Each structure stands twice: as C-alpha cells, then as structure tokens.
Amino acid sequence: MLLKDKVILVVGAGGLLGREIVRSVVQEGGRVIAADMNTELVAPLVDDLGQDQVLPCQIDITDKKSIDHVFAFADKSGLQVSGAVNTAYPRNKNYGRKALEVTYEDFCENVSLHLGGYFLFMQQAALFSQKNNVEFSLVNLSSIYGVIPPKFKVYGDTDMTMPVEYAAIKSALLHMNKYFSSLMKGSRFRVNSVSPGGINNNQQLKFINNYKAESRIKGMLDPSDIVGALNFLLSDGSKYVCGQNIIVDDSFSI
Ligand SMILES: NC(=O)c1ccc[n+]([C@@H]2O[C@H](COP(=O)([O-])OP(=O)(O)OC[C@H]3O[C@@H](n4cnc5c(N)ncnc54)[C@H](O)[C@@H]3O)[C@@H](O)[C@H]2O)c1
C-alpha cells in the first residue's frame, strides 16, 4: 500500500495509460480525482472502482480556468491532493504525419497544445503546492523519444512514424522538469517524469516484431508495466527524488 490515504489527481485518466494508472493508485490504497477532457472515458472507472475511490472531473490542460476549477473542486470536496500524474495527450487532427510533410502551422499547434498544456498544468500545480504549503509530487509522462532519436527502421514499410513534434515536446518537457525543480527549491513541490517505451495498442505485427528485436525480452510493453515507477514517484519513498526521469522501456533505448 504505497499510496495509502493519498489523494492523487490523474490528468488524462480516460486514456490508454491513464486508466491503468487510476487502477493502480487505487490498488495501492489511494483515492483518485480522475480528470480528463472527455469525462465519458472516465465513467467506467467510477463504476468499476467505486465512487469513494474515484472522483471524475473535467479538465482541459490548455485552459487555466479549467485547471483552477479542478484544484478548487478538490478543496471544496475537502480532499488534500498530495500528487498528480499528467498523462494527457493533446494533439490536433493532422498529428502523426511524416516529418517532411508536417506544416509549420501543425507543428506549432501541436507543440502549443501538448508542451504548452504540460507547462500550464505544472505551473498551476506548483502554485497550488506553494499557496497551501503542502507536499506535492507531480509526475509527467515523457517518452523514450524525449531521450533518444527514433529508430526509424522499426517502422519498416508501415505507414507509422514517430512525429517530429513529439520528439520536440517530450525532450523539452524533460528539461522543463529540471527547470521547475531548480525554480521550486525551498518549497514542498517536486516534479519527476516517467519515460515509457512503446505501449501495446493493436499496432501492426510487422512493427511489433521489429520493435521487439531492438529490446531485451518483451519489446512493446503493457500499461501495467509502467505503473510501478509512477507509484514510486508519487510515494513518500521518493520524497527527495526531484527533477529525475525514469525510463521504462525493456532496454529499447540502450
Ligand atoms: N501510448 C504510448 O505508447 C506512450 C508511450 C510513451 C509515452 N506516452 C505518453 O503517455 C501519455 C498518455 O498516452 P496514451 O497513449 O495513454 O494517450 P491516450 O490518447 O490514450 O490518452 C490521452 C488522454 O488525454 C486526454 N486529453 C487529450 N487532450 C487533453 C487536454 N487538453 N486536457 C486534458 N486531457 C486531455 C484524452 O481525452 C485521453 O483520455 C502521453 O503523454 C503520451 O505521450 C505514451
């Protein structure tokens, strides 16, 4: 029970990773404010895990008022939030094109939504911790593609790619974590990140096999493979771990 009696805000709670993160925080004894742009995605978690354990909430990380509303909701509900995981994945409709075909406008919009949104949420979480003088552990989801350049050969002749915006966003996010860690010295706020490798989500078999050949034993991981690192960073066991990045990728990046 690493997170016994802790209240954790999970942003992007309805997503592929978010759903598993909510489940594992509850398994570790915590309660979750399950926030997502699309609250319909969160409803099944409330049904499964119970309304005492999972409180659904709407959030848009690109909108300061919306973030304020979530922290106010926590205050009003008498919940002492001690940490958050940002696992939102904002992107526009053209996201995912190959780098030589990405327009300037789409590049800027996706960086603005994703990196801008993560900045805004981090800033507001830091202010919340400072204002209330409470311990607060924020964990941002980065990616191995924030650490290494893509191994394009794993995509072979599939139509898949690793978007150039993603590399820019996730590498900048890692540095922004260190920026905030330096900025917030003397406060009770800390921020770290987890950088997963690829996660199974019905990708083409050809790609999965190519990816596995670059890995240690499993290759593409499941959402449940990531949560141990996240729970550690949310727990008191990591109280003095600040500005760090844990790569969970079965050796893909080595
Ligand atoms: N899936 C992977 O292979 C993988 C690998 C490494 C890192 N990551 C990172 O993990 C995070 C989650 O990825 P995922 O695959 O679970 O994504 P996903 O698309 O399955 O889920 C993302 C969730 O974010 C929500 N969302 C989108 N825009 C939002 C906004 N503006 N405000 C609040 N919520 C918003 C969506 O409604 C969705 O529920 C992302 O940061 C992603 O970059 C994913």
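Hey, among Asp157, Asp250, Asp222, which residue is on the phi > 0 side of the Ramachandran plot, of a type outside the set (A, V, I, L, M) and touching a helix residue (DSSP H, G or I) at 6+ places or on another chain (Cβ under 9 Å)? Step through it out loud before you land on a result.
Details: Asp157 fails: on the phi > 0 side of the Ramachandran plot; Asp222 fails: on the phi > 0 side of the Ramachandran plot.
None of the other options fit; the residue is Asp250.
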Find the residue count for segment 67-96, including only residues that are surrounded by 17 or more Cβ atoms within 10 Å (Cβ to Cβ) and polar (S, T, N, Q).
3
Single residue of segment 191-235 satisfying the filter (in contact with a Phe, Trp or Tyr (Cβ under 9 Å, 6 or more places away or on another chain) and in a loop (DSSP other than H, G, I, E, B)) that is nearest to Ser143 (Cα to Cα):
Gly197
Segment 182-192, subset more than 13 Å from Ala125 (Cβ to Cβ) and more than 21 Å from the chain's Cα centre (by Cα), residue surrounded by the fewest Cβ atoms within 10 Å (Cβ to Cβ)
Gly186
Would you check which residues across segment 92-118 are among the polar types (S, T, N, Q) and within 19 Å of Leu174 (Cα to Cα) and list them?
Asn110, Ser112
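Would you pick out the residues in segment 218-254 that are polar (S, T, N, Q) and surrounded by 15 or more Cβ atoms within 10 Å (Cβ to Cβ)?
To start, the set of residues in segment 218-254 that are polar (S, T, N, Q) comprises 224, 231, 235, 238, 244-245, 251, 253.
Listed by number, the residues that qualify are Asn231, Ser235, Ser238, Gln244, Asn245, Ser253.
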State which residue is farthest from Gly12 (Cα to Cα) when the search covers only segment 33-45 and only residues that are touching a Leu at 6+ places or on another chain (Cβ under 7 Å) and without any contact (Cβ under 8 Å) to a residue 40 or more places away in the chain.
Ala34
Could you grab the pairs with beta carbons closer than 8 Å, sequence gap of 6+ or different chains, first residue in segment 55-72 and within 12 Å of the ligand (Cβ to nearest atom), second one at pLDDT 95 or above and among the aromatic types (Phe, Trp, Tyr)?
Ile61/Tyr118; Ile61/Phe121; Ile67/Phe121
Which one is modelled with the lowest pLDDT among residues in segment 129-184 that are small (Gly, Ala, Ser) and in a loop (DSSP other than H, G, I, E, B)?
Gly156
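Does segment 22-41 hold any residues that are crowded, with 24+ Cβ neighbours inside 10 Å and near the ligand (Cβ under 9 Å from one of its atoms), and which are they? Can you show your working first?
Initial filter on segment 22-41 (crowded, with 24+ Cβ neighbours inside 10 Å): 22, 25, 30, 32-36.
Ala35, Asp36 - these are the residues of segment 22-41 that are crowded, with 24+ Cβ neighbours inside 10 Å and near the ligand (Cβ under 9 Å from one of its atoms).
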Scan segment 97-118 for residues that are touching a residue at least 12 places away in the same chain (Cβ under 8 Å), surrounded by fewer than 17 Cβ atoms within 10 Å (Cβ to Cβ) and part of a loop (DSSP other than H, G, I, E, B) and jot them down.
Arg97, Lys98
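With a cut-off of at least 1 residues that are of a type in the set (A, V, I, L, M) and under 15 Å from the mean Cα position of the chain (by Cα), name the strands (runs of 3 or more DSSP E) lying wholly within segment 1-61.
Values: elements: 7-11, 31-36, 54-58.
Counting at least 1 such residues, we get 7-11, 31-36.
Any chance you could count how many residues in segment 199-249 are over 25 Å from Ala84 (Cα atoms), among the charged types (D, E, K, R) and free of Cβ contacts under 8 Å to residues at least 60 places away in the same chain? Explain how you work it out, then say what you get.
Step one: filter segment 199-249 for residues over 25 Å from Ala84 (Cα atoms), giving 202-220.
From the residues that got through so far, the ones that are among the charged types (D, E, K, R) too are 206, 212, 214, 216, 218.
Next, only the ones that are free of Cβ contacts under 8 Å to residues at least 60 places away in the same chain stay: 206, 212, 216, 218.
Residues flagged as over 25 Å from Ala84 (Cα atoms), among the charged types (D, E, K, R) and free of Cβ contacts under 8 Å to residues at least 60 places away in the same chain within segment 199-249 amount to 4.
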Can Asp222 be described as under 27 Å from Tyr155 (Cβ atoms) and acidic (Asp, Glu)?
yes
Can you run down the residue pairs with Cβ atoms below 8 Å, 6 or more apart or on separate chains, where the first is in segment 74-90 and part of a strand (DSSP E or B) and the partner is away from the ligand (no atom under 16 Å from the Cβ) and of a type in the set (Asp, Glu)?
Ser82/Glu135
May I ask you to say which residue of Ser171, Ser195, Ser215 is more than 24 Å from Phe107 (Cβ to Cβ) and surrounded by 15 or more Cβ atoms within 10 Å (Cβ to Cβ)?
Ser215
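The values are calculated or read from the model by the stated rules, or taken from the named source; none is laboratory data. Note that the coordinates shown come from a computational prediction; the quantities given were computed from them, not determined experimentally. For neighbour counting, all protein chains shown are included, and Cβ atoms are generated from backbone atoms with ideal geometry for every residue, glycine included.
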